[in-house]
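One structure is given below, encoded as structure tokens.
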Ligand SMILES: Nc1ncnc2c1ncn2[C@@H]1O[C@H](COP(=O)(O)OP(=O)(O)OP(=O)(O)O)[C@@H](O)[C@H]1O
Ligand SMILES: [Mg+2]
């Protein structure tokens, strides 16, 4: 399990996240929902070791990883696909994907590469293109593919569907479900609340840096506050 407990996070000034806890089980999509600026990416960065914590702990399968570097977390099976993708635009798709395999042996790299190509059959014909020449949806597949090259047991997807055409939104969220079905624990940060809850087992809503609601995806889908705020009152 990937767990956070009592996270206190912030940047230079005031605290941004206060007392946040959550758990992601292997084989499950856990959705982290909330409005712009609520603190979702801040939590994602702290889990991945990109942002140091001010308080609280992060554990991975029972091991306290709170003070490990992001590279060490990747080696232990925890990868982040950051918001905005952060690809190297002038590098090829192939090189961007291979960058995710820096912790692996040549043999593991070849195996993971084949698996990523199977998972995203759209990628093989794009390998020689520069990342910046791809559509948003194609770029998101490259970003997820790059993270999968480390063969993570836990994967954090920070708003993978942001700015994508609906067909890609569905594709990316379906892939998140397939990864979970293959045993990966997926933390899915999403603004598409209805679609995220469709693939998630559990979910939490973060408001102003604290968890305001948590439960099974079914519970949250029926919660009047979720319906009013995030599902347009239609469900
Ligand atoms: N690098 C930073 N330096 C200072 N403040 C930051 C930084 N990144 C985020 N913040 C602030 O922290 C708060 C939470 O931001 P965060 O990016 O975690 O929100 P979010 O829930 O991911 O929002 P969004 O849905 O828009 O991505 C915001 O008030 C934001 O302005
Ligand atoms: Mg964010």
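The values are calculated or read from the model by the stated rules, or taken from the named source; none is laboratory data. Everything numeric here is computed off the predicted structure, so don't read it as measured data. A quick note on method: Cβ atoms are made from the backbone with ideal geometry, for glycine too, and the neighbour counts reach across all protein chains shown.
Could you please tell me which pairs satisfy a Cβ distance under 7 Å, a separation of 6+ or placement on different chains, a first residue in region 65-79 that is part of a helix (DSSP H, G or I), and a second residue that is surrounded by fewer than 18 Cβ atoms within 10 Å (Cβ to Cβ)?
Here the result reads 70/50; 74/103; 75/103, each pair linking region 65-79 to a residue that is surrounded by fewer than 18 Cβ atoms within 10 Å (Cβ to Cβ).
Based on this model, can you work out whether residue 50 counts as within 16 Å of ligand 2 (Cβ to nearest atom) and crowded, with 17+ Cβ neighbours inside 10 Å?
no
Name every residue in region 23-47 that is within 8 Å of ligand 1 (Cβ to nearest atom) and either outside any helix (DSSP H, G or I) or surrounded by fewer than 15 Cβ atoms within 10 Å (Cβ to Cβ) (or both), in order of residue number.
Listed by number, the residues that qualify are 34, 35, 36, 37, 38, 39.
Among (1) closer than 21 Å to residue 35 by Cα; (2) without any contact (Cβ under 8 Å) to a residue 12 or more places away in the chain, which single condition is residue 133 missing?
Evaluating residue 133 over (1) closer than 21 Å to residue 35 by Cα; (2) without any contact (Cβ under 8 Å) to a residue 12 or more places away in the chain leaves (1) as the failure.
Considering only residues of region 86-98 that are part of a helix (DSSP H, G or I) and in contact with a helix residue (DSSP H, G or I) (Cβ under 6 Å, 6 or more places away or on another chain), which is surrounded by the most Cβ atoms within 10 Å (Cβ to Cβ)? First the steps, then the outcome.
Of region 86-98, the ones part of a helix (DSSP H, G or I) are 93-98.
Then drop every residue that is not in contact with a helix residue (DSSP H, G or I) (Cβ under 6 Å, 6 or more places away or on another chain), which leaves 93, 96-97.
Working: 93: 25, 96: 24, 97: 30.
Only one residue tops the list, namely 97.
I'd like the full set of residues that are over 22 Å from residue 140 (Cβ atoms) and touching a strand residue (DSSP E or B) at 6+ places or on another chain (Cβ under 8 Å), limited to region 62-72.
Listed by number, the residues that qualify are 64, 65, 66.
Quick one: residue 75 ticks every box in (1) at pLDDT below 95; (2) within 16 Å of ligand 1 (Cβ to nearest atom); (3) out of contact with any helix residue (DSSP H, G or I) (no Cβ under 9 Å at 6 or more places or on another chain) bar one, so which box is it?
Unmet for residue 75, out of (1) at pLDDT below 95; (2) within 16 Å of ligand 1 (Cβ to nearest atom); (3) out of contact with any helix residue (DSSP H, G or I) (no Cβ under 9 Å at 6 or more places or on another chain): (2).
Tell me which residues, restricted to region 69-91, are within 16 Å of ligand 2 (Cβ to nearest atom) and more than 13 Å from residue 58 (Cβ to Cβ).
81, 82, 83, 84, 85, 86
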